[in-house]
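Written below as structure tokens is the structure these notes are about.
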Amino acid sequence: MQVRSASDRASIIDIEGELTGASEAELMSAYEAATRPGTRAIVLNFTSLEYMNSTGIGLLVTVLVRAQRQGQRFLAYGLSDHYRQILSLTRLDEAIGIVDSEEAAVAAVA
């Protein structure tokens, strides 16, 4: 996972490969790196996601809760139709702002 700054208000975490229980330490470390003073939003980039299981979804919930406690918005883009449907079925799409692109995510934070 890579962490980069999208603006002075938003950090992007690039999810690559699989998001499973084995990804927990890496995701939590990426979230910590993404959270810097003034960060108002965490954006997850799923364009390189190959696989996510139920434990991976649980990790998303954990990071979402941490972001909410920090008063940060939580956005995502690059989700396949399959994973969009899963987030809809689990109603996570009500808490995670799903957008179509990085540009849309950055604009939503501005």
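Some notes on this structure:
- Taking Cβ atoms as reference points and 10 Å as the exclusive limit, the residues near L79 contribute a net charge of -2, counting Lys and Arg as +1 and Asp and Glu as -1.
- Judged by the mean number of other Cβ atoms found within 10 Å, the most tightly packed of the peptides 25-35, 69-79 leads the ranking 69-79, 25-35.
- Net length gained if the chain between S101 and S54 were fully extended (0.36 nm per residue, minus Cα distance): 14.5 nm
- Simple Cβ-charge dipole of the chain, Lys/Arg +1 and Asp/Glu -1, about Cα centre, in debye nearest 20: 520
- Couplings for the stretch 62-74, taken from phi via the Karplus curve 6.51 cos²θ - 1.76 cosθ + 1.60 with θ = phi - 60°, read 4, 5, 4, 4, 4, 5, 4, 5, 8, x, 9, 6, 10 Hz in order; Gly and Pro are left as x.
- Each 10 Å bin from zero up to the one holding the largest Cα-Cα distance in the stretch 1-95 carries the following percent of pairs: 17, 55, 27, 1.
- Computed FRET value (nearest 0.05) for R66 with A110, which takes r as the C-beta separation and R₀ as 22 Å: 0.45
- Residue-averaged 222 nm ellipticity for the chain, from DSSP H runs of 4+ at -39500 (n - 2.57), nearest 500: -12000 deg cm²/dmol
- Karplus 3J(HN,Hα) series, Hz, for the stretch 85-101 with 6.51 cos²θ - 1.76 cosθ + 1.60 (x for Gly, Pro): 5, 4, 5, 5, 4, 8, 6, 5, 5, 7, 9, 9, x, 8, 10, 8, 7
- Most positive-pole-ward Cα, S88, F74, A22, against dipole of the stretch 2-110 from beta carbon charges: F74
- Using θ = phi - 60° and Karplus 6.51 cos²θ - 1.76 cosθ + 1.60, couplings along the stretch 103-110 (whole Hz; Gly, Pro as x): 4, 5, 5, 5, 5, 5, 7, 5
All of the numbers you see were taken from the coordinates with simple rules; none came from a lab. All of these numbers come straight from a predicted model, not from anything done at the bench. Positions of Cβ are backbone-derived with ideal geometry, glycine not excepted, and every protein chain shown enters the neighbour counts.
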